[in-house]
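The values are calculated or read from the model by the stated rules, or taken from the named source; none is laboratory data. Just so we're clear, the structure is a prediction, and the values are computed from it rather than from any experiment. For neighbour counting, all protein chains shown are included, and Cβ atoms are generated from backbone atoms with ideal geometry for every residue, glycine included. These accessible areas exclude ligands, DNA and RNA; they are computed on the full protein's heavy atoms, side chains included. Shrake-Rupley method; radii C 1.70, N 1.55, O 1.52, S 1.80 Å.
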Amino acid sequence: MEPAQLVDLYIRRSKTGSLELSTAAQEARGRDWAARNNLTVRTVWTDMKSGSRADVKRPDYDNALAALRNGEVRTLWAYKLDRFSRMGAIAVLTILDELSGSRVIFDSDGLDSADPTHRRMIMWRAEDAKEEADRIGGRLKDTFGAAKDAGLWVPAKVPYGFIRTVGRKLAVDNDTAPIVRRIFANTIEGVSTPKLARALNEEGIPAPSGGRWSTSTLYGILRHPAYIGYASRLEGHKRVAYRDSKGNRVPIGPAIVSEATQAQAEQALNSRTVYKNGAKRGNRATPTHLLTGLLRCAGCDRTLVASGKSYRCTSASLGGRECPAPAMALREAVNDAVARAWANRLAASEPDRPLIKAVAKRWLSSHKPEVMAERDSAVRAVKDAQAGLQDLLDARWKRKEFEGPAAAYFPSLLADAESAVESAQHRLAELPEPMADISYLLDSELVWEAWEAASLSDQRDLLRLAIDRVVMCKAPGKGKPFAPLERLTFVWASE
């Protein structure tokens, strides 16, 4: 059958149980329309998704449009325009312009995209659909925002260790809160998350889901703002403190642990995290050697491991793909060389050098994580607001998205975007510039005193303030003494 004799039906319903026309009723309407217009229904595309959010994937919507673009059919039927899209006139008209030679029927609205006289009405109806979606979203946002600002717990799921009161406040659950405190205490003591998860499972303690504990569940607890008494929000896949319009954290209920305890647990987690080129590689047991995770082989870029009295390439000690030039050297000699290079580089650097600035920032992140987290959040907020303003300006002047009737919406959107930038900049300006006391690291005598007095864990942290990694090459020949200048290449924090 020819594509011109076929029609696809697109059906969308936001959620089960809503007052929207059911998918079966929409399909029946579509088949009735097809019969009246002497067309044969080829495919019924169905999404149970929102049509007002750009981040929501609607696979059958995409498939239906692809069928039109590919010429598989010439007609696509939708019950109403707001079932097709709630993204506004610009989005809808852009799609329709791409489908030249095909048409979309909005049955209940009595509109046909192939009819030039319907174009303006389609634009108006699309804007009406978007305004309604914005109103619904605005009411929800205002409701949830007001509830959060009042310190009420909005989500249906309550964090492990808490119960929700009748007034939607959080209260400590005396049965599970001790488990939360144990998780923080064990982490600070140096127990790895895999080991802690195994212990909880072996003791038969149910996880928050009712099943078994996992490292990801433990990470979620250790970093959740609710446990120090504050409301939270999602930032990517991570929970961070929610802030009101003034930039203040909002108390949500009693704290199960102190901020200092959570910061110590975060530091303990970071000390057991191995890095590669600045990216986290996952949690490991507490290292027992100074340069574990910091040393890399020049021949294959793999981590050098401690084996006996030496550091050696993992291809030689653990197997795996062959390294063309596996590095190996006595551990004591390498430790001493790296420590001396670290101390000498710091002592020779001026306070305004990029390396020292990087060291100071890392010191603050380690010793004052809450201060740096607050400032980093404020800096990100400024960048996000500026990016939003720039995107709006690009939409107006470069992408020409605010032409015709849509131009009326631009002034208010511009005012909101500029206000967001000013508010974010004001919040950042109100935060004091964090200061790091690292003067002892810049004195050739004091730095060695600090080094000798430090534990292995502290020495590892001190090295990582200034060094990203150390690359060691294979010895030029057997029996030669270790030559740091020939064998070691340092990647410093500022580079």
Quiz item: Has segment 173-187 got at least one residue that is more than 23 Å from Glu266 (Cα to Cα) and open to solvent by 60 Å² or more (accessible area, probe 1.4 Å)?
Solution: yes
Quiz item: Looking at Val338, Val421, which is the one that is open to solvent by less than 40 Å² (accessible area, probe 1.4 Å), under 28 Å from the mean Cα position of the chain (by Cα) and modelled with pLDDT of 80 or more?
Solution: Val421
Quiz prompt | Verdict on Glu131 being modelled with pLDDT under 70 and out of contact with any helix residue (DSSP H, G or I) (no Cβ under 8 Å at 6 or more places or on another chain) | solution = yes
Quiz item: For segment 167-216, how many residues are touching a residue at least 40 places away in the same chain (Cβ under 8 Å), in contact with a strand residue (DSSP E or B) (Cβ under 7 Å, 6 or more places away or on another chain) and assigned to a loop (DSSP other than H, G, I, E, B)?
Solution: 1
Quiz prompt | Residue that is surrounded by the most Cβ atoms within 10 Å (Cβ to Cβ), among those in segment 259-294 that are more than 25 Å from the chain's Cα centre (by Cα) and at pLDDT 80 or above | solution = Leu291
Self-check item: Unmet requirement for Tyr227, which otherwise passes all of (1) modelled with pLDDT of 75 or more; (2) surrounded by fewer than 15 Cβ atoms within 10 Å (Cβ to Cβ); (3) of a type outside the set (S, T, N, Q)
Solution: (2)
